[in-house]
Structure formats: structure tokens, C-alpha cells
Amino acid sequence: MNAADDTPHLATLANGLRVLVLRTPQRETVDLSVFVHTGSQHEAARDNGISHMVEHMAFKGTASRDCQRINLDAESLGAMVNAHTDKDHSAFHIVGLARDAEAFVHLLADIVQHGSFPEDELERERQVILHEYVEDEDDALSVAFRLFDKLSWGSHPLAQPVIGQRRHIERFTRAELQAYVRRQYSAANTVLAVAGDVDPEAIERAAEAAFGAMPRGSANQVAAPDWLGGLRTRALAGCPQTHVVLGFPLPSLSGAHQAGVVAAALLGEGMSSPLMDQLRERRGLVYYAACSADVLELAGQFVIEASTSPQQLPEFFAEVVRLLLAQAQGVDAAALQRARRQIAVRHLRELERPGRRLETAVLDLFALGRVRSRAETLQALQDVGAEQVRDGFAAMLRAGAAIAVAGKLRRGPDDRVRTMAAPILKAGGRALKV
């Protein structure tokens, strides 16, 4: 990264579509993406999963290209195309030579705006997505995360899984996909983002030619959810381990979330962190454990995830509760310094990945209406003090945990898990077995 990378060129077309260019003169390749501010958090309950299906089908044909032509037009230039869907956005990517950037703008514009969703391709892709769904359902940690999101936010659309529901995947029609695109894919919700050694004005002109006729629309907005919390367990036959996901609320991207990010690094980033040192290195209670702060546009989650055994579950919960309560009493200065430095290195490494830098910048645009500089982001995290982290832990504990347990479980797990986790559960919360 150099100074030029941290000063984006940002322009807005007449229809409201934004063009973001990050100059990287040292690179001969270019990362070019179209981000649309629509994902599972923007779906009605009966449409859960439609954003993901649209993403899959976008490469299956347009008004002027069939599936094979899309692939050939990209690969004849040596480029690679891809896409992904998340809770708060959908994105379509191409990576190739910087000299071909303007051609890539037109190719992605065609894919995003003019998808034909052929019936025969839809039926084939439906089966691919159903295989993906089954694989997700068979993964105990994925199951635990879905339960955790429902405990966190209940019926709010932010709790919906990106992949959706089986009955919806089996039902979605070509007409429904087209209607969703017309409703959600508008210029006001779209950013063309480019990282490479390109001329920003040339990219802007290409964007105007390729996207200028896109309807303006209005910004896709969703009200923030309330935090709920509670406990759910699900036994899965044939699963050899017990998987736990537990966490607490954090402020959204536009809120004061920095103390939560530092708290997560302090508690569980690196093998010397209290979580890993105590759970794995000293006690051997887990095969896998991690702690993170997932900060989104509408809300955030402080997340501890772990894989253990039913026999070790009581000691696991006892130790996690002890560690959380200890941090709410006081934060060690050396541990805080370690966490700050780990965050700085992780953040800078992420910014050295062009695709990741583009996504971070675009999510800033969607949530904040501007792109934060590298210096601003890092300084806000480095300014977090021990008292803020301690208060952050205390505030999370007052809010009450959401705890999901899936996999191999002993009989009647709810009462035992509730007893173990009682100090961090909200008083009066119900245990639900599903």
C-alpha cells in the first residue's frame, strides 16, 4: 500500500450510481467489482434466499450473451469472474489486466443489468444451490451460527441465512428473480469499484456509457434490529463433536463499535490470548476456538465459537464465563497493547488485498455515505483504552448472551447448558430446543 491507495477517487453519475477507484500503480492487474446494496437483510421472509439465487443466475446469460459467451469473453482476456452474496450486499467481480479495465466495466454492467435467467439454466442451478444447502445443513458449526443469528435478532431479516430456505430455493421462478432485480438493483444502490493502475476519468466515462441508463431507484433501507439473546440447542446425529457459538451485541458500523473490536482481539486473537491459552493450551478443552467482532451496517456481534465434546462442555462454559467476568472487572495493560498491535497488523494486511480493500470501502459508502481513511480507522482502534474495553465487556454481559449449541449432545442438554451459562444469560430468557 502507498499513500495513493488511501485516497480514493469517488464520483457519482447523474443517475446516482457511484464510481470508486483506488489507484495502485505498482500492480499490472486490476480488481473490478460491482456492489449492489441488497442481500438477505433486504429480503421479505417469503423471499429469503433470492439474493443468493440471483447472484448464481447472473452469469447464466444476458440479453446478448449466453453462459458460455460470458465465460469466453472474460477468459479470452485472461480474466476470472466470480460473485458472492452477504447479508448486506451482493457483489460481482472480475480480475484481469489493468489495460482491459474498461472492457470489464461493460461486461459486468451487462451481467448485473441484463440477466435473462434462462429457464433451463435456472433448473440446473437450482440443483447446485440445493446441494450447497444440504452441505450447509450437515455442517454443525453452520447450524450453530444460524441458531445464533435467530437468537440474536429473532424475526428481523438480519437473522435470515444468506442461502435461504429449501422451500424457497425449490420455488423461485424466473419471473420472481426478474422482479427482485427490478426492485432492488438500482443505481442508488450500486457502486462500481476498481483497484488498479487505471485512469479514474476513463473508468468514470466507461461507467457512464455502461450504467448511465440504469434506473435511479431509491436507497434500500432496513430498520436496525433489537438484541434478544437466549439459548438454543440442536442434536445432530452422526456429529462427533459439540459446537458452540455464543456472543453479545455490538454497535453497528456507524456506531461506537471500536471497543468491541478491541475486546474481541484481547480475549481471543492469537494463541497467547486468554481464550486460546486457557481453553486449548492449558486445559485442552477445545479442538478449535475463535473470537471475533462482526460489525455490520445494522448491528454487530461479539462472537466466541468453539468445537469441544459433550463431556467437556461443563468445564468449557465454566472457563468462558470466568474469562468474560474477569475482563469486565479489569483489563491487563500488556494484553491490551498486544491486541492493538495484532489489530493493526491484521487491518493493514487486509488493506494490502485489493478485493478486500474495495469491499471495506464500499461497505463504508453503504453504511456511512463516505470512505474512511486507513489512518482514521486505525487511529480509532488504537485510541480505545482499558476502561472502554472493560466497560464494553460489562455492557455486553448486561445485555445477555445468545448461545447456540449444535452437534453431539447428551440427553436433556438444555437444563445443563442453561445452568452452566446462567451468569451470562439474560434473566428470564427461555431455552428453546429445536
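Could we say that Val30 is in contact with a Ser or Thr (Cβ under 8 Å, 6 or more places away or on another chain) and surrounded by 20 or more Cβ atoms within 10 Å (Cβ to Cβ) here? Answer is no for this residue.
Any residue that is out of contact with any strand residue (DSSP E or B) (no Cβ under 6 Å at 6 or more places or on another chain), assigned to a helix (DSSP H, G or I) and under 20 Å from Leu425 (Cβ atoms) - is there at least one of those in the stretch 338-353?
Filtering the stretch 338-353 down to residues out of contact with any strand residue (DSSP E or B) (no Cβ under 6 Å at 6 or more places or on another chain) leaves 338-353.
Cutting the leftovers down to assigned to a helix (DSSP H, G or I) gives us 338-351.
Subsequent filtering for residues that are under 20 Å from Leu425 (Cβ atoms) retains none.
Checked against the condition, which is being out of contact with any strand residue (DSSP E or B) (no Cβ under 6 Å at 6 or more places or on another chain), assigned to a helix (DSSP H, G or I) and under 20 Å from Leu425 (Cβ atoms), the stretch 338-353 yields no hits at all.
Looking at Ala213, Ala256, just one residue is modelled with pLDDT of 95 or more, in a loop (DSSP other than H, G, I, E, B) and under 23 Å from His93 (Cβ atoms), and that residue is Ala213.
Report whether or not Asp120 is assigned by TED's automatic domain parsing to the domain that holds Ala202, farther than 30 Å from Ala44 by Cβ and either charged (D, E, K, R) or not in a loop (DSSP other than H, G, I, E, B) (or both).
Working: assigned by TED's automatic domain parsing to the domain that holds Ala202: yes; farther than 30 Å from Ala44 by Cβ: no; either charged (D, E, K, R) or not in a loop (DSSP other than H, G, I, E, B) (or both): yes.
No, not satisfied.
Would it be correct to say that Ala58 is part of a helix (DSSP H, G or I) and more than 22 Å from Asp197 (Cα to Cα)? Criteria met by Ala58.
Residue selection: His84 satisfies the criterion of being surrounded by fewer than 18 Cβ atoms within 10 Å (Cβ to Cβ), at negative phi and in a strand (DSSP E or B). Suppose the filter is assigned by TED's automatic domain parsing to the domain that holds Gln301 and at pLDDT below 95; does Asp364 pass it? Spelling it out, it is not the case that Asp364 is assigned by TED's automatic domain parsing to the domain that holds Gln301 and at pLDDT below 95.
Tell me yes or no: at least one residue of the stretch 368-376 is touching a residue at least 24 places away in the same chain (Cβ under 8 Å) and either within 21 Å of Leu17 (Cα to Cα) or not assigned by TED's automatic domain parsing to the domain that holds Met271 (or both).
The answer is yes; a qualifying residue exists.
Considering Glu297, Glu305, the condition of being out of contact with any Lys or Arg (no Cβ under 8 Å at 6 or more places or on another chain), over 21 Å from Arg341 (Cα atoms) and part of a loop (DSSP other than H, G, I, E, B) is satisfied by Glu297 alone. Inside the stretch 71-81, can you point out the residues that are assigned to a helix (DSSP H, G or I) and either of a type in the set (Ser, Thr, Tyr) or surrounded by fewer than 20 Cβ atoms within 10 Å (Cβ to Cβ) (or both)? Scanning the stretch 71-81 gives Asn71, Leu72, Asp73, Glu75. Apart from one condition, Thr308 fits all of (1) touching a residue at least 60 places away in the same chain (Cβ under 8 Å); (2) in contact with a Phe, Trp or Tyr (Cβ under 6 Å, 6 or more places away or on another chain); (3) under 30 Å from Ser33 (Cβ atoms); the exception is (3). Per the listing Ser307, Ser272, Ser292, the residue uniquely surrounded by fewer than 21 Cβ atoms within 10 Å (Cβ to Cβ), within 19 Å of the chain's Cα centre (by Cα) and assigned by TED's automatic domain parsing to the domain that holds Met396 is Ser292. Residues in the stretch 135-151 that are more than 13 Å from Gly49 (Cβ to Cβ) and either modelled with pLDDT of 95 or more or of a type in the set (Gly, Ala, Ser) (or both): Ala140, Ser142, Val143, Ala144, Phe145, Leu147, Phe148, Asp149, Lys150, Leu151.
May I ask you to verify whether Glu350 is among the acidic types (Asp, Glu) and buried (at least 19 other Cβ atoms within 10 Å of the Cβ)?
Here the answer is no, as Glu350 does not meet what is asked.
Of all the residues in the stretch 267-318, those that are modelled with pLDDT of 95 or more and charged (D, E, K, R) number 3.
The values are calculated or read from the model by the stated rules, or taken from the named source; none is laboratory data. For clarity, every value in this text was computed on a predicted model and none was experimentally measured. Because the Cβ atoms are built from the backbone with ideal geometry, glycine has one as well, and the counts that use them run over all protein chains shown.
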